[in-house]
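The values are calculated or read from the model by the stated rules, or taken from the named source; none is laboratory data. This is a predicted model, so every value here is computed, not measured. Backbone-built Cβ (ideal geometry, glycine too); neighbour counts: all protein chains shown. These accessible areas exclude ligands, DNA and RNA; they are computed on the full protein's heavy atoms, side chains included. Shrake-Rupley method; radii C 1.70, N 1.55, O 1.52, S 1.80 Å.
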Amino acid sequence: MLSRAQRSSFAILFLVTTGLASLPAQRAPNSNSVYQQLRSLLPGGEVITVKDLVIKRDAATFTFQNGSFAFYGPVNGKITGAVFIGQGHLHITPPAQEERHNLSVLMHSEEFDEDFDRAVLRFTDSAAEELRQASTGPGQPDSDFSRDAQDLQTFLRHHAEGSHVVSTGTAYFKRFYGNVDLRILEDVLSPAPGGYFMAAIRGHKHARLFFVLDPHGADQVAPEEVALFYWDSSDETEAIPLAFHRAAEYADDVARGNEHNEAYRILHENLDVTIERNGLLSCESTVQVRAEQDGVAVIPLDLYPSLRVSQVTAGDSSPLDWIQEKKDEDPDFGVVLATPLNRGGTATFKVTYSGHDVVMNTGNDNYYPVAREDWYPNSSQGLGDYATYQMRFHIPKGLQIIATGTRLGDTTEGKFTTSEWTTETPLPVAGFSLGDFKMREAKFGNPLSVQLTVDAYANTRPPTEYEALAQQMQDAGESLGSLGTTPMLANELGQGATAAQIYTNYFGQLPFPHIALMQQSACDYGQSWPMLVYLPICGFFDTTQQHFLGLGGENLTDHMYWQVVTPHEVAHQWWGQTVGFRSYRDQWMSEGFADASASIFLQATRSKPDDFIHFWEEEHRLLTEKNAFGFRPVDVGPLTMGIRLSSPKAGWNIYQDLVYPKGAYILHMIRMMMWSPKDGDARFKATMHDFVSTYQLQAATTEDFKAIVEKYMSPEMDLEGNHRMDWFFREYVYGTDLPNYHFQGEATPQGDGWSVHIVLAESGVPESFHMMVPIYLELVDGNIVHLANANIHGDYTVDQTVVLPKLSSAIKKVSINHFYDVLCTEN
């Protein structure tokens, strides 16, 4: 018999035990049994021999001249790989001209060829059946098959992070390749047939060569499905010499950068976030997704590697499997759904995670958000997919948080303040800034209809390193003050608000009610999220401080950077946020249009055109000056190749020095072609207003922009007589042509008027090259008169005399391209 005390203890134990039993058990990461099989999978006992076997994968042809294949064992009834040892050859004929050009730059051939003696194939398509049908008999097991498979595993798992960072903006290679086992799991668990194929080749010229065909879009170049990667072990860098859509899409003229081939979309996220004073971020993210195809069983998500997931549950609170390896071993994150979704089906799940290194405490209540795009689970579709967000931030009392969206309210209890935010319109990305801020505000527009509020924020004290630097300078007898940023708050607000007004005039109303300009701890770059602009702290220093820190206007590059960084980042509220992009091929519009917008800001806010002209002088220099590798950025490739242009062979500066300035030049040239003495920029403004309103809160492609330009092009721009801008986009957007102009102009008084004789010769371009070259008169009184446009093509020479009436002043000089209207060289 139990005593009363024993009975009470037993009852309590019974209640606790049964209560725990009724709760769903948490699952450990990577515990899905199918994933565990894939993770440890190696070639099994089945080996076949082949001879003169040809396998085609889109534009690639694999010829296995002779050798043996060892198959991986089946997982969930599917064979997912094989290892080849023997003699083979890979040949690729790129279906796109820009890809052939890129090969010619990198490898001096427009087609790709590589001999190899080892290859590891991973696949979910019909490759296993093809290999078995081609078998010439059984082969001999060999430990080298497993050794090659293990070598690939080790390489991929330890090169998942830390690839070469090309710029401090949003465009860079974050890793060499993702978690292949997670990608294969998507197809192995799906009832739908898979189509993934990867060949990791040990070539004679490239020891680490990867060919990928992925129907969901190849890693890093999605939505393009086909890509070729190689790893340069000498300097630990990656290059992507080839990437393209399926060859048939080019043949059918349907290859587009806005292709929706991803398996799912995120519709909405609820983010409940806690940030502690040491920067530790913890979050519960409730994610709603919709399947874009049948059989979606796994949701791969982008999440910063040091953010470690502790639990994933379905909408009914039942536990779900999830994948997340160690942060330094292909740490891609993915959620395994309880039941696969068919197209249009939705699912909701909650992800609980936390981690350091995502928000850095830089001292004096300054916090630097390190993870900008992936501090929360997202679908990694560039800035092309828009979702809505509800965000609740719990932050230390005394700090403030400014986020993308509209603040609903703040409450403080104990040591924490809770700040709630919502998005009134879908956004391509969500973000925040944390600190102890001082704020100034400006408003413009009609408060009864559309009004835009611009706020500027600076921390009340500078980060510790800047405070220490100011003290060091003072000890050395050089007083820089405290390097505080609040004294320049009015200046930053003025620039930002003025830029927003100018851009509203030129491009149209934003779908956002406000813009917050935030001082960030980084000195060397800015970034723009919807309604949230991160500005470099050094832009908040005055010119004297910048000079002593080596950041001043001692050269044109530094001078122009600090003149335009704020208007450039504000322009991204239109380019990248209001009008998004899905593909790296269309990112040039975001960066280039923001650069061109900054030039419009300079022109509108300066009494003289000097800064405007100096801006384009610097853009021209960046494009045409050879780098340390001997390349002019303008020659390396078309700007539609985006981040892929940077490589260990052409130089890591190519992306920054080509895509930004050439993208700006393209918009600038269109503006100059549309300008008229009577209407000024009216036609250009109508074009840009239409582009923004048509693609508001959507991803736009290069071809989408071209169609809008064609809608508003002037008759004078119709150089091929078909009311299309093919000629211009072929030359400057999709091509690498750079014309050279030799010009002679002479003005002679003739009665009360003038006789102007011009000779203009074009060279360095093919016969099909067309251009409108503006001719200007510089008058003695300082006025610049646009005389005419000379339409020229190929090696044609314009030789003409024009008689003019009396002008306001004598002609001082006859010139072309006064406002850098055309990207060219002159002699």
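Output the antiparallel fraction of DSSP beta bridges having both residues in the range 480-567, as a percent to the nearest 5.
35
Add +1 for every Lys or Arg and -1 for every Asp or Glu among the other residues with Cβ under 10 Å from the Cβ of H757, and state the total.
Numbers: positive: none; negative: E746, D799.
Once all neighbours under 10 Å are counted, the net charge is -2.
Taking a label point 7 Å from the Cα of T348 along the Cα→Cβ vector, which residues of the range 305-331 have an amide N closer than 11 Å to it?
Answer for this model: 315-317.
Given that just one value was derived from the coordinates, which of (i) 30.0, 130; (ii) 29.7, 96; (iii) 27.0, 89 is Rg and Dmax of the Cα atoms in Å?
(i)
At R0 = 41 Å, how high is the FRET efficiency between H786 and A248 if r is their beta carbon distance? Nearest 0.05 is fine.
For R0 = 41 Å, the calculated efficiency reads 0.30.
So which lysines can K662 reach, going by Cα to Cα under 30 Å and dropping same-chain residues fewer than 8 places off?
Straight-line reach from K662, under 30 Å: K174, K608, K626, K649, K678, K685, K706, K711, K813.
Name the residues of the range 559-601 whose amide N is less than 17 Å from a point 7 angstrom out from the Cα of T543 along the C-beta direction?
Counting only backbone N, you get 559-566.
Need the full-extension length gain, S482 to V370, defined as separation in residues times 0.36 nm minus the C-alpha distance. One decimal, nm.
Contour length minus Cα-Cα distance gives 37.8 nm.
For R147 paired with A338, estimate the spin-label separation in nm (one decimal), with each label point 7 Å from Cα along the Cα-to-Cβ line.
Distance between the two pseudo-spin positions: 4.8 nm.
Counting only protein heavy atoms and using a 1.4 Å probe, what share of the accessible area of the range 175-321 belongs to carbon plus sulfur, as a whole percent? Let's see the in-between values first.
Numbers: 2190 of 4700 Å².
The nonpolar share, carbon plus sulfur, comes to 47 percent.
Once you have the Cα-Cα distance between Q65 and Q311, take 0.36 nm times their residue separation minus that, and quote the gain in nm to one decimal.
Contour length minus Cα-Cα distance gives 83.6 nm.
Could you provide, to the nearest whole Å², the per residue accessible area of the chain with probe 1.4 Å?
Per residue, the chain has an accessible area of 39 Å².
What list of ³J(HN,Hα) couplings, whole Hz, do you get for the range 38-55 from phi and the Karplus terms 6.51, -1.76, 1.60, once you set θ to phi - 60° and write x for glycine and proline?
With the stated coefficients, the range 38-55 comes to 5, 5, 9, 5, 9, x, x, x, 7, 10, 10, 10, 9, 8, 6, 8, 10, 10 Hz.
For a protection proxy built on the mean count of beta-carbon atoms within 10 angstrom, sort 461-471, 586-596, 804-814, 114-124 highest first, please. Mind showing how you got there, number by number?
Numbers: 461-471: 18.5, 586-596: 26.4, 804-814: 13.8, 114-124: 21.5.
Highest mean packing first, the order is 586-596, 114-124, 461-471, 804-814.
Consider a paramagnetic label point 7 Å from the Cα of T460 along Cα→Cβ; state which residues of the range 382-412 have an amide N under 11 Å from it.
Those under the cut-off are 398-400.
Taking loop as defined by DSSP and a crowding limit of 10 other beta carbons within 10 Å, which trypsin sites (Lys or Arg not before Pro) in the range 657-730 fit?
K678
Label points 7 Å out from Cα along the Cβ direction at K812 and K626: separation in nm?
Here the answer is 3.5 nm between the modelled labels.
Enumerate the amide H contacts of F581 below 5 Å, restricted to partners 5 or more residues apart or on another chain; note that Pro and chain-start residues carry no placed amide H.
Correct list: L383, G384, A700.
Can you pull the one-decimal nm distance between simple spin-label points at H757 and T694, each 7 Å off the Cα toward Cβ?
The modelled label-to-label distance comes out at 4.6 nm.
Counting each DSSP H run of 4 or more residues in the chain as -39500 (n - 2.57), what helix-only mean residue ellipticity at 222 nm follows after dividing by all residues, to the nearest 500 deg cm²/dmol?
Helix contribution divided over all residues of the chain: -8000 deg cm²/dmol.
What relative contact order, as a whole-number percentage, does the range 698-797 give when Cα pairs under 8 Å and 6 or more residues apart are counted?
Details: 127 pairs, mean separation 20.4, N = 100.
The value is 20 percent.
Just subtract the alpha-carbon distance of Q87 and S233 from 0.36 nm times their residue separation and send over the number in nm, one decimal.
Here the segment from Q87 to S233 would lengthen by 50.2 nm.
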